[in-house]
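To start, the structure itself, in structure tokens.
The values are calculated or read from the model by the stated rules, or taken from the named source; none is laboratory data. Treat the numbers as computed from the prediction; the structure is a model and nothing was measured. Heads up, the Cβs are rebuilt from the backbone with ideal geometry, glycines too, and the neighbour counts pull from every protein chain shown.
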Amino acid sequence: MPRYAMVIDQERCVGCQSCAVACKSEWDVPNGSARTKVRQTGTVGHFPKLSTSFYVSQCNHCDRPTCVPACPTGATYQDENGVVRVNRDLCIGCCSCVAACPYGARYINAAIGKVDKCDFCASRLGRGLQPACVATCPARAKIFGDLEDSSSDVFRFVYCGAAKRMETANIAIGPNVYYAGKAEHALLALASFAPVPPRITAPGKVWGSFLNKFVYLVVGATFLGQAVAFFHQLSTGEKQFEE
Amino acid sequence: MSASAIQTVPTPLTGEQAETMAQRQIKKHHVAIVLLHWFNAISWLLELSTGAGLIVSPYYRFAPMWYLQMMEGIFGSRANMLRFHIAVGLTWTIVFLVYAIFGFRHYLRIEVLQHEIGLDRDDVQWLKVRTLLLFNRTKDPLPPQGAYNAGQKLFALLVYAMIPLIMLTGLTTSFHWFGTAIVAWAIIFHFFAVGMVVSGLMIHIYMGAVFPEEKPAFYSMITGTVDELYAYRHHFKWWRAVKIQEETWRDALRFKEAAEMPCTEERPDSKSSGNETPC
């Protein structure tokens, strides 16, 4: 079973937005939303030795995704090949996963009222094609492949090179989009667009903190009560004629 | 016996009286109610089993993994299961809406509801004694009850509060009504409301189908009738109301017979003569 990953070479990325455009047209992403975003980090250093970088963000298809358990209907799930996907038939558009994602990779598609995000172009992968953004990138800054395949480019970047995950000490959920290039580029991106702690939405909090306990308690207590009554009934036996 | 002579409190019955009463059936449920009850029961069975199979997220899940896999296997995919869940839920909602609209005058008017689900002093006492009796902690008699006992009334109150919530939250999540924020709350309250009904449902099923003293109530949901002895012992106030109706009807018949008697005797051919209302 393959384990898909992507490497973004920040040294090659020129911030041309081709990947964002390709993604939008491939997936009919509505205006104002994006599955893939290209953003410029701030600048560091002193003139004339200034340095800047581009941060290409999308779903990271994390090893331990926080969005999957947050989804109340199980619409968000992880394929065996590591790709985190959304089953639109099951999605109710409640936004729980949007809040749970530390990378802001998800959005609600207003046209259909359901959540949407990058799925590494799963349908293209099925046809043996590369994701649209990878195929489009004129600088070949996006590299896609199988981490289980030792001859793949991503394998070389991740295991033999110095590609980094966008992780902090607090938020380390194993993102599978890696960033290669100069170390300062990754640091710049991390400083500007650090992952935020996963949030639980207010309804999720209410359910998780007390409402679920209340429901279980009420159901459990009535079950126990009637179980006692039932055993009492069994032990006394039934009468043919009521007194 | 005339309507005014019917006893106001239950008295001990002689063997003969009890036997006669045990043989007589009196009507308790309209056929529409019987059908609706079993339609409701089947709907709930389907909705609970598919609903439990749909909640797979570790944060919300309560059914074991094998159950989730089994249900997914039966339906082929969870998307199919959800479609089925929504289809049954919609049918159930529509049937109950039709019932509410057409049965409003009979079943849902405030006077009827007050009589059917309003708790009086006897009911409060009944709840106390009934609970203690279950655990063999009292020898007090149960206070007389109306057509529905206090337990049934409490269950009805719970159900009347939760059913609209289940319908509304179900529709909201199915059709993405009112936008994202509301949908997120709706699914939580869907779980909550169903949980509350399930807790009452367990007692409802136990009392109806398993508990020995209420067996006739279970059969009444098939035949629509209960025997008079059961009615007398378990729903005395209702028995009395039925008796009063019956005796009033009988009195009226007697009065009519008595009034018509002399006319028919004097003029057997009154109809043919065209003089139909001589009395």
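List of remarks:
- Test: residue in segment A:43-50 that is in contact (Cβ under 8 Å) with a residue 12 or more places away in the chain, under 20 Å from A:Pro131 (Cβ atoms) and not polar (S, T, N, Q): no
- Count of residues meeting criterion [more than 9 Å from every other protein chain (Cβ to nearest Cβ) and among the small types (Gly, Ala, Ser)] in segment A:52-74: 2
- Hits in segment A:71-81 - residues which are at pLDDT 90 or above and either touching a Leu at 6+ places or on another chain (Cβ under 8 Å) or outside any loop (DSSP other than H, G, I, E, B) (or both): A:Ala75, A:Thr76, A:Tyr77, A:Gln78
- Flag if B:Ile26 is part of a strand (DSSP E or B) and of a type in the set (A, V, I, L, M, F, W, C): yes
- Filter result for B:Met70 (touching a strand residue (DSSP E or B) at 6+ places or on another chain (Cβ under 9 Å), in a helix (DSSP H, G or I) and not assigned by TED's automatic domain parsing to the domain that holds B:Lys237): no
- Any hit, segment A:181-195, residues being in a helix (DSSP H, G or I) and within 14 Å of another protein chain (Cβ to nearest Cβ): no
- Test: residue in segment A:36-54 that is assigned by TED's automatic domain parsing to the domain that holds A:Asp146, modelled with pLDDT of 90 or more, part of a helix (DSSP H, G or I) and in contact with a helix residue (DSSP H, G or I) (Cβ under 7 Å, 6 or more places away or on another chain): no
- Residue pairs whose Cβ atoms lie under 6 Å apart, sitting 6 or more positions apart in sequence or on different chains, and linking a residue in segment B:39-52 that is closer than 12 Å to B:Trp92 by Cβ to a partner that is aromatic (Phe, Trp, Tyr) and crowded, with 17+ Cβ neighbours inside 10 Å, are B:Ser43/B:Trp92.
- Residue list for segment B:60-108, restricted to those being touching a residue at least 40 places away in the same chain (Cβ under 8 Å) and either within 27 Å of A:Val206 (Cα to Cα) or crowded, with 17+ Cβ neighbours inside 10 Å (or both): B:Tyr60, B:Ile86, B:Val88, B:Gly89, B:Trp92, B:Thr93, B:Phe96, B:Tyr99, B:Gly103
- For beta carbons closer than 6 Å, sequence separation of 6+ or different chains, a first residue in segment A:127-156 that is closer than 24 Å to A:Val29 by Cβ and a second that is loosely packed, with under 14 Cβ neighbours inside 10 Å and modelled with pLDDT under 95, the qualifying pairs are A:Ala139/A:Val14.
One line per residue, one yes/no per condition, for (1) of a type in the set (Val, Ile, Thr); (2) crowded, with 20+ Cβ neighbours inside 10 Å; (3) under 19 Å from A:Ala105 (Cα atoms):
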{"site": "A:Ala162", "(1), (2), (3)": "no, no, no"}
{"site": "A:Ile171", "(1), (2), (3)": "yes, no, yes"}
{"site": "A:Pro175", "(1), (2), (3)": "no, yes, yes"}
{"site": "A:Ala183", "(1), (2), (3)": "no, no, no"}
{"site": "A:Ser192", "(1), (2), (3)": "no, no, yes"}
{"site": "A:Pro197", "(1), (2), (3)": "no, no, yes"}
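- Extreme residue, surrounded by the most Cβ atoms within 10 Å (Cβ to Cβ), among residues of segment B:163-216 that are more than 9 Å from chain A (Cβ to nearest Cβ), among the small types (Gly, Ala, Ser) and closer than 19 Å to B:Trp38 by Cα: B:Gly208
- Test: residue in segment A:116-124 that is farther than 24 Å from A:Ala169 by Cβ and within 10 Å of chain B (Cβ to nearest Cβ): no
- Unmet criterion (only one of (1) outside the structural domain of A:Arg12 (by TED's automatic domain parsing); (2) modelled with pLDDT under 85; (3) among the small types (Gly, Ala, Ser)) for A:Ala227: (2)
- Some residue of segment A:89-99 being part of a loop (DSSP other than H, G, I, E, B), of a type in the set (Val, Ile, Thr), facing another protein chain (nearest Cβ under 9 Å) and without any contact (Cβ under 8 Å) to a residue 24 or more places away in the chain: yes
- Test: B:Thr50 is in contact with a His (Cβ under 6 Å, 6 or more places away or on another chain), outside the structural domain of B:Tyr148 (by TED's automatic domain parsing) and of a type in the set (Ser, Thr, Tyr): yes
- Leading residue by the ranking (modelled with the highest pLDDT) among those in segment A:86-101 that are within 23 Å of B:Ala63 (Cβ to Cβ) and surrounded by fewer than 18 Cβ atoms within 10 Å (Cβ to Cβ): A:Asn87
- Test: residue in segment A:208-221 that is surrounded by 14 or more Cβ atoms within 10 Å (Cβ to Cβ), within 22 Å of the chain's Cα centre (by Cα) and within 14 Å of another protein chain (Cβ to nearest Cβ): yes
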